[in-house]
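Heads up: the structure comes next, in structure tokens.
Just so you know, all these numbers are worked out from the coordinates, no wet-lab data involved. Keep in mind that this is a model prediction, so the values were computed, not measured. As a convention, Cβ positions derive from the backbone with ideal geometry for all residues, glycine included, and neighbour counts pool all protein chains shown.
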Amino acid sequence: MNWYKDTLQIQTQGKGLYPFTRLIQNKISNWDIEEGMCYLYVQHTSASLVINENYDPSAKVDMEKFMEVIAPEKLSWYQHTLEGADDSPAHIRSMITQVSITIPIDHGRLSLGTWQGVYLFEHRKRKQHREVLLRCLSIV
């Protein structure tokens, strides 16, 4: 077994889903991993990782709108607003999604479903520099 690791850099332009499946797959291909596991972890409390539909762009729009409904800004009971009106909602959104994902690697490819893609879900309004830790275990 071999262990590979890197940190993926993702620049966001504000709230929304940012696809990065291709970045992950490129690393797996460069490392020549045929069989194994891919581990992803985002070290932020106001961003998360999701696997979702990557074919129809309307699915992305719906997921982004859903987050606006489930954790809107400017609710009267929010106390944590030190960094702005999106502070508490960003942390709530991160809490109800995921900060880590594990995906099998088979035949040199992420074992995602036909329409699945990996996204960073940015929950802050401002541009952000996000880092996603990528760890892969290769079964030789």
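Could you calculate the contour length gain from Glu83 to Asp6, that is, 0.36 nm times the residue separation minus the distance between their Cα atoms, to one decimal place in nm?
24.8 nm
Sequence-distant or interchain residues sharing an amide H contact under 5 Å with Trp31, placed H: which?
HN-HN under 5 Å from Trp31: empty list.
Distance in nm between label sites at Leu133 and Glu34, each 7 Å beyond Cα in the beta-carbon direction?
3.0
State which stretch of the chain is the longest one without any exposed trypsin sites (Lys or Arg not before Pro), exposure meaning a DSSP loop state and at most 13 other Cβ atoms within 10 Å.
1-73
What is the helix-to-structure angle for 21-30, meaning the angle in degrees between its Cα long axis and the longest Cα principal axis of the chain, kept from 0 to 90 and rounded to the nearest 10?
Helix 21-30 sits roughly 30 degrees off the main axis of the chain.
What percent does the relative contact order of the chain come to when contacts are Cα pairs within less than 8 Å and at least six residues apart?
55
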